[in-house]
1. Any lysines with Cα under 23 Å of the C:Lys305 Cα? List them, leaving off those in the same chain fewer than 8 positions away.
2. Once every DSSP H run of n ≥ 4 in the protein assembly as shown is given -39500 (n - 2.57) and the sum is divided by its residues, what mean residue ellipticity at 222 nm do you get, rounded to the nearest 500 deg cm²/dmol?
3. Just in the range C:544-588: which chymotrypsin sites (Phe, Trp or Tyr not before Pro) are loop by DSSP and have at most 15 other Cβ atoms within 10 Å?
4. Express in whole angstrom the spacing between the alpha-carbon centres of the range C:68-133 and the range C:289-327.
5. May I ask you to list the chymotrypsin sites (Phe, Trp or Tyr not before Pro) in the range C:331-426 that are in a DSSP loop and have at most 14 other Cβ atoms within 10 Å of their Cβ?
6. Listing C:Lys345, A:Lys64 from the residue with the fewest other Cβ atoms within 10 Å to the one with the most, what is the order?
7. For the range C:1-130, what's the relative contact order in percent, using C-alpha pairs closer than 8 Å and at least 6 residues apart?
8. If I take every Cα pair under 8 Å that is 6 or more residues apart in chain A, average their sequence separation and divide by the length, what percent do I get for the relative contact order?
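Bear in mind these aren't lab numbers, they're just calculated from the coordinates by the rules spelled out. Treat the numbers as computed from the prediction; the structure is a model and nothing was measured. Backbone-built Cβ (ideal geometry, glycine too); neighbour counts: all protein chains shown.
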Amino acid sequence: MSVFPYLVAAWLLGIGLWGVISSRNYLHLIMCLTVLQGSTYVLLLSVGYLSHAKAPIFADITTKSRVTDPIVQALTLTDVVVEATIVAMLLALVIQANKRYGSIDPDEMRRMRD
Amino acid sequence: MRDRPGGFSLRLVVGAIGVVLTVGGFVWGTTGLHPFGSEHSRYGFYTAHHAVAQRHATNSVVAVAFDYRAFDTLGEEFILFISVVGVVVLLRSLHDEEEEPEEEKLIPEQRRASDAERWLGTALVGPIAILAAYIVTHGQLTPGGGFQGGIILMAAIAFIFLGGEWVILLRLRRATSWVEMMDAGGAAGFAMIGFGGLIATGAFFYNFLPFGTSGSLLSGGFMPLANVAVGLEVAGATLMVVSELVDQRLLRPPR
Amino acid sequence: MSQLAPLAVGIPLLGAALLAAGHKLLGRAGSDLLALGLALASAVLVLILLVHVGSGLSIYWFGGWHPRQGLAVGIDFAVEPIGAALAAFVALLMVVALLYSAKTEGVEAPYYHVLMLTFMTGMIGFCLSGDLFNMFVFFELMSVSAVALIAYKVREQAAIEGGLNFAVINSIGAFLFLLGIGLIYAHTGALNLAQIGRTLSHYRNDRVVVVAFALIASALLIKAAIVPFHFWLDDAYAVALAPVCLLLAGAMSEMGLYGLGRVWYGVFGPVMGTQVHVVRAILVGAGLLTAVWGSAMALQQDHLKRLLAFVTIGYVGIFLTGLGLLTADGVAGTGVYVLADGCGKALLFALVGILQHRFGSVSQQRLHGRARGLRVTAAMFFAGGLLISSLPPFGPFLGKSMIEDAANKVGYGFVPPLIVLSSALAGAAVLRAGARVFLGWGEPSQQDAGGADEQTEPETEGQRDRTPPLMLVSCGILLAGTIGFGVWFGFADLAETAARRFISGSAYQAIVFGRAVGRIHATSASPAWYDWLYCGGATLLAVGFAALGLFGRRWGAGKLLDLGQRAMTPVRLVHTGRIGDYTAALSLGVGILGGLLVVTLR
């Protein structure tokens, strides 16, 4: 069905958000953020898809061929690497949290009182 | 709400309502889109079909990322760079507080990798490095480019770690300055390419090098250079991150 | 001349990379100087751009990719007066912040300097960009730098928590933004703001537009910290270094609103135009809720930085109210208010930083009466508190009066009293804190000060007995800014002209695609007598509330104060510090916003 890829993106969005909300472990939480990232990639790439089309690489096809959209692919490819390093930063914070709190349960974080 | 168990359930209820509304709304919105696989955006169509003619680059995705929208890639490059600075900053206090791992104190299992690991690791470094170089430099021709190739380059260097003794890991960990140089140098290099365009014709990131013939290695103007800069930066950045995290997990005395 | 636009972004980025590569040669002093120089260079470049653009619009196409056959092929910087003014403000604030931190101990070269420079560049790029995805890239650059800067004092548990909460919430916002971009791209096939706007103006308002706007607006409102997306802000601003707070409170909070304005007037406004009153109601409602919520919470805080964080939230609510009126007058008033109040909040954070440096604590209870000797700091603190409750005739007063006039013009007569209440409460919180700390008035507060004591070394080198002169100089500059924006004749007219340009979507599209359009001249009415009344009243109320807080028990108003405390308890309890709760509230907020926007389809 023609809306299926968007449903996949929506499902990932929902699972990711729900995971963050209900998480009791920071590593799990960060992985849920990664799932959320996945939903954006799925959406972007689905938007650019063209049926019965080839990849927009013209090394062996003519420039008149039917090809998919290179813009969203370019957006996604730079984003993937960037988001991975942001996850790295979050993981660094979790390492510190573990060392100092002794716990990686988000609900255990003692917050400053008013 | 902090200590009452009801607090958690309230959160789940509120969250469930919120997620259902958000996801439901999103799905409803996507039903208004054109069916999957139909229609093309004018922007996508234009860049796909003019990349070869205008820039002699057969990989239009790289042409978009490194020419039409090179400025976005500059921003993304620097986000990468800053994330690495962030990782270093956020882990730095642990270096001050804990003792530096000493070679003598590594437990015997940490000292020597198994023979199979060493053999495979050493054998694979070369081919993977060549693959990385190929992917990076052929970005404008076939699928690939600086980002992908940079990760592969990082893997090649990581194999040196995996295939060798952990003592080498330790020594390499101490000599991080060349990795930082690679990272910062790549970022600076990419920015300088943009300035090159500015100096040449007054447009930042104008593709000022000759385009060459499409299909040959030196085509696409400054795309090969940009790919190399990005490749070095991505390799340097991910290597810094991996080495910081490995340092945390593997080299410090086990808890 | 328009070549300066890329330089404003390119130079600090290149400089930051080179600083990172060569920091061993430079040392601390060298890094300080270089960073300061780069920030100053950006500030100068953007100021020249601002003067050059005047009341018009200056477009710069990257890579030489001018539009082909009416299709925007490259990325552009669309420099318009409000964006340029905000960018210049950010750069100048960065100069002040770097000056402030010039000799402090808690920062390490080159990491701090590199992070600050990219933070600034992210904000400048965001203000100047004319392409939706490019805005997203700079939004991310700004956010990632901010995470590292907020969690910088990583030895403290609170800093880690603040950093994590900020990072996770902001990341979710970024993903929502990206989803919205995906939907818009799918619908219009364009990423350039003008191109999208032009394409959408041929469509009717439909479900894709509504959902995309809900997603993008949510992301920007998360950044701006509007209720119920605001929970991350007090955790984050309470733990960041003082110079970083200067920028966070003075500039980053407003970025979200600027983005919202750009996206509305460039893209969604024309297509949703017939339903503008619905959007107006939603935005003004959210703004007023945030304004009152933030200010009321400020009064509950013992931790000075957290107090100021809630003051920031309160003021962002007022900014959104002004912007959400969706008229030129509203935008103009918000612009003036943002600049003046931005200086004011930055000033207060800087002064609290001085307290932190001298005494190692930011708890009102611990500091009670201890700061009696710091006369200059005290004077500036009280001035700041009075100014932000819009003491006439200075900067914040001018902005607020413009917003109130704008509200009356669209028939939202209930807005001015609520704004008065909000700023009175916020001003009262600040003044009461100042009286407690600098004068020793009132009894020590009843709240538990346990967590507010930051067990850190003071942030600066040098003696603890003296305040570094550079810090005081920086504060002086900020004070001058807060005052100055109100007494600068003609500023309101400039703001009005800039606002007219900001809201003209069709002219924007025409200029981007190459046609020249006429200049704009607009004037703004000076504040009327009732504005003086409202704002003077707000200031008096602030002083009154502060006095009540300080001496109320002595005067027999104890029951009233207790009632107030009890009424605020549920609101206080909602701020749990747990990321799961924050995300749940965020999801609910997105869902409700989307639901409300669906009304525009009728």
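1. Straight-line reach from C:Lys305, under 23 Å: C:Lys103, C:Lys153, C:Lys223, C:Lys345.
2. For the protein assembly as shown, the value works out to -23000 deg cm²/dmol.
3. For chymotrypsin sites (Phe, Trp or Tyr not before Pro) across the range C:544-588 that sit outside H, G, I, E and B with at most 15 neighbouring Cβ atoms in 10 Å, the list reads C:Trp555.
4. Measuring centre to centre over Cα atoms gives 24 Å.
5. Hits after loop and neighbour filter: C:Phe414.
6. Ordered from fewest to most neighbouring Cβ atoms within 10 Å, C:Lys345, A:Lys64 come out as A:Lys64, C:Lys345.
7. Values: 178 pairs, mean separation 47.6, N = 130.
Once divided by the residue count of the range C:1-130, the mean separation gives 37 percent.
8. Values: 101 pairs, mean separation 30.7, N = 114.
After rounding, I find 27 percent.
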